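Trainee: Pasting in a structure now, in structure tokens, and then I'll have a few things to ask.
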Amino acid sequence: MAGFRSEFLRVLDERGFIFQCTDPAGLDALAQAGGLVAYVGFDCTADALHVGNLVSIMMLRWLQRTGHRPIVLVGGGTTKVGDPSGKDESRRLLSDEDIAVNKRGILRSLQKFLDFGEGGALLVDNAAWLDELRYIPFLRRYGRHLTVNRMLTFESVRQRLEREQPLTFLEFNYMVMQAYDFLELARRYGCRLQMGGSDQWGNIVCGIELAHKTDRITLYGLTSPLITTASGAKMGKTAQGAVWLDDNKVSPFAYWQFWRNTEDADVGRFLRLFTELPLDEIRRLEALEGAELNEAKKILAYEATRLCHGAEAAERAARAARAVFEGAGDGLEGLPVVAVSRARLAQGVPVVELLTRAGLAQSLSEARRLIRNGGARLDGRKVEDERLVVTLAMVGAEGLKLSAGKKRHVLIRAES
RNA sequence: GGAGGGGUGGCCGAGCGGUCAAAGGCAGCAGACUGUAAAUCUGCCGGCGUAUGCCUACGUAGGUUCGAAUCCUACCCCCUCCA
């Protein structure tokens, strides 16, 4: 599918964003003409986005950078229905309040990547039209164009049926809602393209077909490959769950570390997808071998963190990493800080409690185990006694580095 | 509506009156080896805890028993077949 003429598709293609496209040539021409409006939908099930959403976000970012207009559709309405594509069990239904909170968080995550200023990216909530949809008129107008035969062939549905897991009518309607969203966005904002992960293909196509039948307009769909790590794990899921793009949930230091720990085989691919470095630079970096490749990982970590948290935070994270892992300089202030009151420290705080508070262990028992396994350290020295009590003097003015294993570190600070 | 099967720790999955905080696998955490990689090996892996100690847990609620994840009753949920 080489030879795109529009900058937008060329970039996406070269960087590995394209999995399927309904009509590459047609879309290319449209993009070439300029002023393309495209959207990606995010559901509202959490109060932030995570690394798993990053591919879509980067596609929107490139869209904007190459002179087009991104629309972010949050599923305030569809979240009330629940996407069956996840193939797990039905999702829990959220209240309006949850959804409102989540929407704000999602916007917060996105603002770092997209410009929502005048004439820029648009944030739209499909509750605007879905909430007041009237059943009979809707069925008469759109239901006639959608055949169950067709819908049953979609992957998301087929999987459920084959696995003999229940698929409720409510969920079955998800794709209808999403199809209608596309149509509605086309009407309201002239949106012509929907992008998403490869699991969204069926839903996207459904919208394209609907729009063609009702409004006789041609819409386009573009999906990105499902990103897994070289060893097959789903991207962006780690120990504590998702790697969030929100610095309140995942510190810039932890975010930087996430990228730094990329598997060798993924470095090139991730540089293309998750940074904006020029391709020849990336080719040079991914050609590095053995331990040299670590340099590429640091650059990946820096660039990815910069996009998400800004240059300054990325810098601090990089410095903290150098201090912690290479013993170079004092960049410890870049570590996530856990503040403990002076008064508390004056009385003495058990290390196990500190470990738990710092999020390095989930319970006191786990903290204890960590110590028994020899994984807990204070300023680099192994904690031998699980009953150890940390005092104000130990923390000092500089703070005290508390570590769980080689990779998780936190700075304990006294606070008045 | 009828008949049958099933609900066990984050997931899968054994257990079917005591020796069960519950085999095994996956995931996770830590240690060793390395390059903050991968692979491999070792340990840990409900909570509280100085503790051979206590608490919570095998769908829910009761009951039988010295003792129940295991037996009985009711209820809820899921699946299969029949109508």
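The values are calculated or read from the model by the stated rules, or taken from the named source; none is laboratory data. Note that the structure is a prediction, hence the values are computed from the model and not measured. Every residue, glycine among them, receives a Cβ derived from its backbone with ideal geometry; neighbour counts consider all protein chains shown. Calculation scope for accessible area: heavy atoms of the full protein, side chains included, ligands and nucleic acids excluded. Shrake-Rupley method; radii C 1.70, N 1.55, O 1.52, S 1.80 Å.
Trainee: Looking at (1) in contact with a Lys or Arg (Cβ under 9 Å, 6 or more places away or on another chain); (2) open to solvent by less than 30 Å² (accessible area, probe 1.4 Å), which is the one condition that is false for A:ARG272?
Mentor: It fails just one condition, (2).
Trainee: Residues to consider are A:ARG344, A:ARG316; find the one that is open to solvent by 50 Å² or more (accessible area, probe 1.4 Å) and in contact with a Gly (Cβ under 6 Å, 6 or more places away or on another chain).
Mentor: Among A:ARG344, A:ARG316, only A:ARG316 is open to solvent by 50 Å² or more (accessible area, probe 1.4 Å) and in contact with a Gly (Cβ under 6 Å, 6 or more places away or on another chain).
Trainee: Do we have any residue at all in region A:219-237 that's part of a loop (DSSP other than H, G, I, E, B), farther than 26 Å from A:LEU110 by Cβ and either in contact with a Lys or Arg (Cβ under 8 Å, 6 or more places away or on another chain) or more than 8 Å from RNA strand B (Cβ to nearest atom) (or both)?
Mentor: Within region A:219-237 (the criterion being part of a loop (DSSP other than H, G, I, E, B), farther than 26 Å from A:LEU110 by Cβ and either in contact with a Lys or Arg (Cβ under 8 Å, 6 or more places away or on another chain) or more than 8 Å from RNA strand B (Cβ to nearest atom) (or both)), the answer is yes, since at least one residue qualifies.
Trainee: Identify the residue in region A:388-398 that is assigned to a loop (DSSP other than H, G, I, E, B) and at pLDDT 90 or above and, among all such residues, is nearest to A:ARG342 (Cα to Cα).
Mentor: Keep residues of region A:388-398 that are assigned to a loop (DSSP other than H, G, I, E, B), which gives A:388, A:391, A:396-398.
Now drop any that are not at pLDDT 90 or above, which leaves A:388, A:391.
Details: A:LEU388: 18, A:THR391: 9 Å.
Among residues in region A:388-398 that are assigned to a loop (DSSP other than H, G, I, E, B) and at pLDDT 90 or above, the one nearest to A:ARG342 (Cα to Cα) is A:THR391.
Trainee: Further, regarding this structure: Any residue at all in region A:349-360 that's within 12 Å of RNA strand B (Cβ to nearest atom) and open to solvent by 60 Å² or more (accessible area, probe 1.4 Å)?
Mentor: yes
Trainee: Restricted to region A:258-282, and to residues that are out of contact with any helix residue (DSSP H, G or I) (no Cβ under 8 Å at 6 or more places or on another chain) and in a helix (DSSP H, G or I), which residue is farthest from RNA strand B (Cβ to nearest atom)?
Mentor: First pass over region A:258-282, keeping only residues out of contact with any helix residue (DSSP H, G or I) (no Cβ under 8 Å at 6 or more places or on another chain): A:263, A:265-266, A:269, A:278, A:280-281.
Narrowing further to those that are in a helix (DSSP H, G or I): A:265-266, A:269, A:280-281.
Values: A:ALA265: 8, A:ASP266: 8, A:ARG269: 13, A:ASP280: 22, A:GLU281: 18 Å.
Ranking the candidates gives A:ASP280 first.
Trainee: Related question: Take the conditions open to solvent by 20 Å² or more (accessible area, probe 1.4 Å), in a helix (DSSP H, G or I), modelled with pLDDT under 90 and not hydrophobic (A, V, I, L, M, F, W, C) and apply them to A:ARG158. Does it pass?
Mentor: Judged against the criteria, A:ARG158 is a match.
Trainee: Condition first: farther than 26 Å from A:PHE258 by Cα and either open to solvent by less than 30 Å² (accessible area, probe 1.4 Å) or in contact with a Pro (Cβ under 8 Å, 6 or more places away or on another chain) (or both). Now tell me which residues in region A:361-416 satisfy that.
Mentor: Of everything in region A:361-416, those that are farther than 26 Å from A:PHE258 by Cα and either open to solvent by less than 30 Å² (accessible area, probe 1.4 Å) or in contact with a Pro (Cβ under 8 Å, 6 or more places away or on another chain) (or both) turn out to be A:ARG387, A:LEU388, A:VAL389, A:VAL390, A:VAL395, A:ALA414.
Trainee: Residue pairs, Cβ under 6 Å, 6 or more apart or interchain, first in region A:99-127 and of a type in the set (Lys, Arg), second in a helix (DSSP H, G or I). List them.
Mentor: Qualifying pairs under 6 Å: A:LYS112/A:CYS308.
Trainee: Please specify each residue of region A:245-257 satisfying the condition of being in a loop (DSSP other than H, G, I, E, B) and open to solvent by less than 10 Å² (accessible area, probe 1.4 Å). Let's see the steps before the verdict.
Mentor: At the first step, the residues of region A:245-257 found to be in a loop (DSSP other than H, G, I, E, B) are A:245-251.
Within region A:245-257, just A:LEU245 meets the criteria.
Trainee: Got a number for residues in region A:369-415 being over 33 Å from the mean Cα position of the chain (by Cα), of a type in the set (Lys, Arg) and within 11 Å of RNA strand B (Cβ to nearest atom)?
Mentor: Total satisfying the criteria: 3.
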